[in-house]
Each structure stands twice: as structure tokens, then as C-alpha cells.
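Below: one structure, written as C-alpha cells.
The values are calculated or read from the model by the stated rules, or taken from the named source; none is laboratory data. These numbers were taken from a predicted model, which means no experiment stands behind them. Methodologically, a virtual Cβ is constructed for each residue, glycine included, from the backbone with ideal geometry; neighbour enumeration extends over all protein chains shown. The accessibility values were calculated without ligands, DNA or RNA, using every heavy atom of the protein model including side chains. Shrake-Rupley method; radii C 1.70, N 1.55, O 1.52, S 1.80 Å.
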Amino acid sequence: MHNSEIIRNEGSWKMFNRISKTYDRLNRILSAGTDVRWRKRLARSVNLRSVDTYLDLATGTGDQLFAVCKELYDIKKPVGTDMSSGMLDIANQKKKRKKISADFLLGDAMKIDLPDSSVDLITMSFGIRNVTSPAQVLSEISRVLSLRGEVRILEFGLPTNRLIRSGYLTYFRHLLPRIGGLISGDREAYRYLNRTSESFPDGEDFCSMMKEAGLSNVSFRSLSTGVAYLYAGSKA
């Protein structure tokens with residue numbers, strides 16, 4: 001179990017504005033492309049054959065939304081929301097190149113501006129640890145999810161193997177902030193990354209939070225020896 005004192009910043013979206021222009025490049029470098037495979041894994045885990053409304057929370061530059069749209073062709077209305085206008089600007093540039101019809105809008109995952117039971121598919125990748133109340137986000141997801149709807153959440157964790165965990169933490173705490181700071185010019189942003197990740201509940205602990213929010217059929221998969229976790233749930 002992780003430290004119960006979760007370090008989060010109410011203004012984290014301002015930090016993402018600062019690093020938006022180098023965000024995608026650094027994701028590929030720092031994860032050696034693994035983040036692309038994780039997002040594809042999430043997209044391929046969705047069981048729905050058709051989706052009327054798809055919402056990607058904390059969409060950032062849109063990578064998760066684009067991965068889902070590539071795997072699921074029958075999505076009538078894909079929407080990505082984020083608090084960072086800088087990240088959304090990049091997402092809108094990318095959608096033109098990819099020729100994907102999606103709306104990217106400013107929005108708070110803790111206050112989803114949609115009616116109850118109105119969304120068939122909700123995803124959130126590497127964003128829920130940044131909000132001030134993850135429980136509130138999960139409650140909102142449960143509220144707006146349709147009766148046939150599915151939710152997928154991708155988030156960092158910590159490897160369970162002691163040797164792997166030790167090497168990973170050395171990289172995460174020391175090397176990653178240096179590389180991130182060098183390329184982005186904002187070392188503090190990449191210190192924030194490891195602090196929020198190390199203190200966030202994973203595995204069964206996070207599944208318990210999903211169930212408490214009213215989600216059903218909750219499960220998780222460990223990815224890359226526990227560096228990330230893929231969570232699944234539904235309304236019914």
C-alpha cells in the first residue's frame with residue numbers, strides 16, 4: 001500500500017500548460033515508447049461494439065482518444081476534456097493531421113458537464129492522480145456512465161518485485177527529472193510526476209475506490225511489471 005498522504009497540486013493544469021510543447025516528445029523518450037503500447041492496450045480492452053458518446057477525461061494532447069478511435073471505428077461522438085488549454089491546443093493540431101473528428105474542450109473531471117447516464121465509454125489515462133479528489137472524479141464517472149457503459153483508467157503504479165522496484169525508483173526519482181527538465185526547461189514538473197505516482201493507491205486499493213464510487217465489474221491488470229495499471233469497470 002502506498003503512503004495515504006497523496007501529494008497533488010490544484011493548479012497542476014498550469015504546469016501542463018508550461019510543458020505542453022515538449023510533452024509528447026518527452027513521453028516517448030522517457031518511456032521508450034511504452035506509453036503508446038499501454039494506450040493501445042487500453043483501447044483494445046474495450047468490449048463495446050458501438051459507442052454513441054465517448055469521453056476522454058484529462059485528455060492532454062489527445063493520445064488516448066486517438067488510440068481508442070483507431071481501434072473502435074463506430075464512435076459517433078468522441079470528446080476530450082482537460083483543464084490545460086495548452087495541451088488542448090496540441091490535441092486540436094493533431095486531430096487535423098490525423099483527420100479524426102473529435103471535440104477537445106476545457107473541462108474539469110471533478111465536475112463533468114454532462115447529464116446522468118449519458119456516456120457509453122469513459123477513459124482517463126495518467127490523469128486521476130493529478131486531481132485534488134480522485135473519489136469525486138470516480139463518483140462523476142459513475143454518474144454520467146450509461147447503463148451499458150464501460151470505463152477504463154490507466155495510471156502509474158509501483159513494481160511489486162523488489163529488485164525491479166529499486167531500479168525503477170532510482171530512474172523515476174533522479175534520472176527522469178533531469179532528462180525531463182533538460183528538454184522541457186521545467187525540472188519541477190518532472191519531480192511532480194514521481195511524487196504523485198509514488199503516493200497514489202494502485203491495484204486492489206484503487207479498485208476499492210472505484211467500487212465505493214458505485215462502479216461494478218471492477219478489475220485491474222498490471223502492465224510492465226506494475227509500472228502502470230489498467231483498471232476496468234461498468235455501471236451495471
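Observations on the model:
- Matching residues, region 206-236, being open to solvent by less than 50 Å² (accessible area, probe 1.4 Å), under 18 Å from the mean Cα position of the chain (by Cα) and at pLDDT below 95: Gly226, Val227, Ala228
- Count of region 52-79 residues which are open to solvent by less than 10 Å² (accessible area, probe 1.4 Å) and among the aliphatic types (A, V, I, L, M): 4
- Qualifying positions in region 83-97 - in contact (Cβ under 8 Å) with a residue 12 or more places away in the chain and either closer than 11 Å to Asn17 by Cα or among the basic types (Lys, Arg) (or both): Met83, Ser84, Ser85, Gly86, Met87, Leu88, Asp89, Ile90, Lys94, Lys95
- Output for region 30-46, where each listed residue is under 9 Å from Ala67 (Cα atoms), within 12 Å of the chain's Cα centre (by Cα) and open to solvent by less than 10 Å² (accessible area, probe 1.4 Å): Leu42
- Cross-chain or 6+ apart pairs with Cβ under 8 Å, region 112-127 first and open to solvent by 10 Å² or more (accessible area, probe 1.4 Å) and modelled with pLDDT under 95, then of a type in the set (A, V, I, L, M) and in a strand (DSSP E or B): Phe126/Leu154
- Some residue of region 56-67 being at positive phi and touching a Lys or Arg at 6+ places or on another chain (Cβ under 7 Å): yes
- Look at (1) β-branched (Val, Ile, Thr); (2) at pLDDT 90 or above; (3) open to solvent by less than 50 Å² (accessible area, probe 1.4 Å) and you find that Ile19 fails only one, number (2).
- For region 1-16, residues that are open to solvent by less than 30 Å² (accessible area, probe 1.4 Å) and modelled with pLDDT of 70 or more total 1.
- Condition check for Arg49: surrounded by fewer than 18 Cβ atoms within 10 Å (Cβ to Cβ) and in contact with a helix residue (DSSP H, G or I) (Cβ under 6 Å, 6 or more places away or on another chain): no
- Pairs meeting the criteria (first residue in region 212-233 and closer than 14 Å to Asn161 by Cα, second residue at pLDDT 95 or above and open to solvent by 30 Å² or more (accessible area, probe 1.4 Å), beta carbons under 7 Å, at least 6 apart or on different chains) are Leu223/Arg41.
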